[in-house]
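Peer 1: Here it is: the structure, laid out below.
The values are calculated or read from the model by the stated rules, or taken from the named source; none is laboratory data. Everything numeric in this text was worked out from a predicted model, so none of it was measured. Every residue, glycine as well, gets a Cβ built from its backbone with ideal geometry; the counts of neighbours run over all protein chains shown.
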């Protein structure tokens with residue numbers, strides 16, 4: 001594979017993933033605190049989830065740009081880079097849809113305790129999916145690294 005890959009692209013990619021990881025940790029801690037309150041805060045949670053949705057949308061857009069730049073760095077093109085892009089696109093759409101569904105359900109529920117428990121559980125699943133996606137995506141992107149860059153990591 002004849003490539004001219006800018007190592008900085010992969011550093012940007014790793015930075016994006018660290019930021020999302022920190023966001024997931026903060027959200028997990030916040031939802032845990034909210035779950036211990038007598039009156040769960042549906043309105044605050046919907047706002048928090050909407051903020052997460054916005055941050056994920058921006059993160060996914062930055063990832064798409066980085067993926068485009070990585071694919072462009074392969075002189076003859078790369079089916080591997082295209083496969084990573086297609087899988088990421090599918091995962092991003094799935095995550096967006098799951099989060100939108102949860103936000104809609106939380107807005108409708110308002111104060112039912114069962115709805116809170118179900119919503120918190122579903123959010124935990126979404127966080128797991130995001131973390132799995134980020135890990136898989138990171139492995140896939142690292143597999144695109146030229147051998148000389150991999151050895152210096």
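Each row is one residue, and each column tells you yes or no for (1) surrounded by fewer than 18 Cβ atoms within 10 Å (Cβ to Cβ); (2) modelled with pLDDT under 90; (3) touching a helix residue (DSSP H, G or I) at 6+ places or on another chain (Cβ under 7 Å).
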residue: 51; (1), (2), (3): yes, no, no
residue: 54; (1), (2), (3): yes, no, no
residue: 63; (1), (2), (3): no, yes, yes
residue: 77; (1), (2), (3): yes, yes, no
residue: 110; (1), (2), (3): yes, yes, yes
residue: 125; (1), (2), (3): yes, no, no
residue: 141; (1), (2), (3): no, yes, yes
residue: 147; (1), (2), (3): yes, yes, no
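Peer 1: Sticking with this structure for a sec: Just checking, does segment 80-100 include any residue being in contact with a strand residue (DSSP E or B) (Cβ under 8 Å, 6 or more places away or on another chain), on the phi < 0 side of the Ramachandran plot and touching a residue at least 12 places away in the same chain (Cβ under 8 Å)? If you could, list the steps in order and put the result at the bottom.
Peer 2: From segment 80-100, those in contact with a strand residue (DSSP E or B) (Cβ under 8 Å, 6 or more places away or on another chain) are 81; that's our starting set.
When the remaining residues are screened for being on the phi < 0 side of the Ramachandran plot, the result is 81.
Okay, now just the ones that are also touching a residue at least 12 places away in the same chain (Cβ under 8 Å), so 81.
Looking through segment 80-100, at least one residue is in contact with a strand residue (DSSP E or B) (Cβ under 8 Å, 6 or more places away or on another chain), on the phi < 0 side of the Ramachandran plot and touching a residue at least 12 places away in the same chain (Cβ under 8 Å).
Peer 1: Kindly list the number of the only condition in (1) assigned to a helix (DSSP H, G or I); (2) surrounded by 12 or more Cβ atoms within 10 Å (Cβ to Cβ); (3) modelled with pLDDT under 90 that fails for residue 86.
Peer 2: (2)
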